[in-house]
Amino acid sequence: MTTPLTGIAPIAPTPFHQDGTVDYEGMTRVLDCMIDQGVDAICVLANYSEQFLLSDEERAKLTRLCLEHVAGRKPVIVTTSHFSTDIATARAVEAQSLGAAMVMMMPPYHGVGIAPSPKGVFEHFAAVNDAISIPIMVQDAPLSGVTMSVDLLARMAQELENLTYFKIECPFAAEKLAALIEAAGDHILGPFDGEEAVTLLADLDAGATGTMTSAMFPEKIRPIVMEYRAGNVERALEHWQTCLPLINHENRQCGLRACKTVMMEGGVIKSDRVRHPLVPLSARTKDRLLGLARDLDVIALRWGK
């Protein structure tokens, strides 16, 4: 990337066949659909990609496949999170060698009883920073159970050259984003939010310049960011109000299953299978999801038909 990444960088789902094996051909279709959705970048192997349900072998194969298939058409962000600093570093080095534009990492975590100190978190990110030369996005998410203070995040931004992007999706994300931007200033190239854009307007008010959602309907969410950044705040609000029922249903009722369900309905992938112990959506939740998606005429519902 020659300029800072802004806009929308959705997370690609990992499709599975009905027998639970990875659908690698379906993965290429997901990537092509996302490019046709007009995304600014693509993130792979994140939590919404079911990265915690993939074997090391599957993960390595998917990393290579995604980067080779996208082939520079869009920047690709590879998630490299792991509790082990050595493994997180090796993953980041591999991703860069294969052409990743950026890596994204959560702090090291392994349950509430095995949490690193702030010093350990800093050293974890520092090790990866020293091993690669592409940007790193720090993912500050409740899933980890690791609290990273504004002071710690600001110090990482100021002292670690490649830590220039921050995805803040913790409770009261807007306040944390604003405080982080004030504390670290120009050291932050990309303040992003997440959580399926459910707090996007507040986060844009706080200074966010991008969002990382699912890949379900980024073509409808991206205009919120772009209109806001162009100074058209009321127009951005209108777009957000239009999208909010579907955003809310995905965020509160469906989670990572939503994108797969919509993409299967639209012929992008053949199955919306999730790996156990995750379970499919109920018929009731699925029907509401598809109804809301049809109301917005989302690209994923018709891409493969």
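Throughout, read-outs are computed from the coordinates displayed, never taken from laboratory work. Since we're looking at a predicted model, the values are computed, not measured. Here the Cβ is made from the backbone with ideal geometry for all residues, glycine too, and neighbour counts use every protein chain on show.
Ranking of GLU169, GLU123 by neighbouring Cβ atoms within 10 Å, starting from the fewest: GLU123, GLU169. When +1 charges are put on Lys and Arg Cβ atoms and -1 charges on Asp and Glu Cβ atoms, the dipole computed for the chain relative to its Cα centre reaches about 820 debye.
Per-residue extension of 0.36 nm, minus the Cα-Cα distance of GLU175 and ASP295, leaves a gain of 39.9 nm for this segment. Take the Cα of ALA60, step 7 Å toward its Cβ, do the same at HIS17, and the gap between the two points is 2.2 nm. Neighbour counting of Cβ atoms within 10 Å sorts the residues LYS305, LYS286, LYS61, LYS176, fewest neighbours leading, into LYS305, LYS61, LYS286, LYS176. Evaluated at q = 0.19, 0.22 Å⁻¹, a Debye calculation over the C-alpha positions of segment 154-201 (equal weights, vacuum) places log10 I(q)/I(0) at -0.56, -0.72. Computed extension length for LEU237-GLU68: 57.1 nm, one decimal, from 0.36 nm per residue of separation with the Cα-Cα distance subtracted. Looking only at segment 205-226, which residues have a backbone nitrogen under 20 Å from a spot 7 Å from the Cα of ASP186 in the C-beta direction? Hits in segment 205-226 for ASP186 at 20 Å: 207-209.
In order along segment 58-74, phi translates into HN-Hα couplings of 4, 4, 5, 5, 5, 4, 5, 4, 5, 5, 5, 6, 5, 6, x, 5, 9 Hz, rounded to whole numbers, per the Karplus curve 6.51 cos²θ - 1.76 cosθ + 1.60 with θ = phi - 60° and x for Gly and Pro. Only helices enter this figure: runs of n ≥ 4 DSSP H residues, each worth -39500 (n - 2.57), summed and divided by the residues of the chain, yield -14000 deg cm²/dmol at 222 nm to the nearest 500.
Considering only ILE168, ILE77, ILE134, the Gaussian network model of the chain with Cα springs below 10 Å gives its largest mean-square fluctuation to ILE134. Rounded to the nearest 5, the antiparallel percentage of DSSP beta bridges internal to segment 7-216 is 5%.
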